[in-house]
Amino acid sequence: MKKKIYFLATALMLMLSAPSVMAKDAKSKPEMTENQKVRLAEITRRIEEIKSIDRSELNSSERKALRNELTEMKKEAKAMNGGIYLSVGAIIIVILLLILLL
């Protein structure tokens, strides 16, 4: 029983330290093309426009449309930067599978 606890503690420590190790390797990101840079500038400009809008004058459907537009732009900007993103739910599922299999 103690061996399982030590193994799980070691695995947990390794999983918690992995993101910090991966974060130091920021130079390996792919360079953005000119089209991507232009699109990123457009997204930034549109976000500034949305921030300057007085949202108290908008109705609920217009606010929802703005919110959806912002989430889509956020996803697009993240995709341009590259990388793998894991949600908290995915991490929990992986941990549970490791526990069940071992």
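Okay, here's what the table says:
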quantity	calculated
Enumeration of residues in the range 29-50 that are without any contact (Cβ under 8 Å) to a residue 12 or more places away in the chain and over 16 Å from Glu72 (Cα atoms)	Glu31, Thr33, Glu34, Asn35, Lys37, Val38
Selection status of Ser20, loosely packed, with under 10 Cβ neighbours inside 10 Å, part of a helix (DSSP H, G or I) and at pLDDT below 90	yes
Unmet requirement for Met73, which otherwise passes all of (1) surrounded by 11 or more Cβ atoms within 10 Å (Cβ to Cβ); (2) within 30 Å of Ile5 (Cβ to Cβ); (3) of a type in the set (A, V, I, L, M, F, W, C)	(2)
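The values are calculated or read from the model by the stated rules, or taken from the named source; none is laboratory data. Just so you know, these numbers come straight off a predicted model, no measurement behind them. FYI the Cβ positions are ideal-geometry reconstructions off the backbone, even for glycines, and counts take in every protein chain you see.
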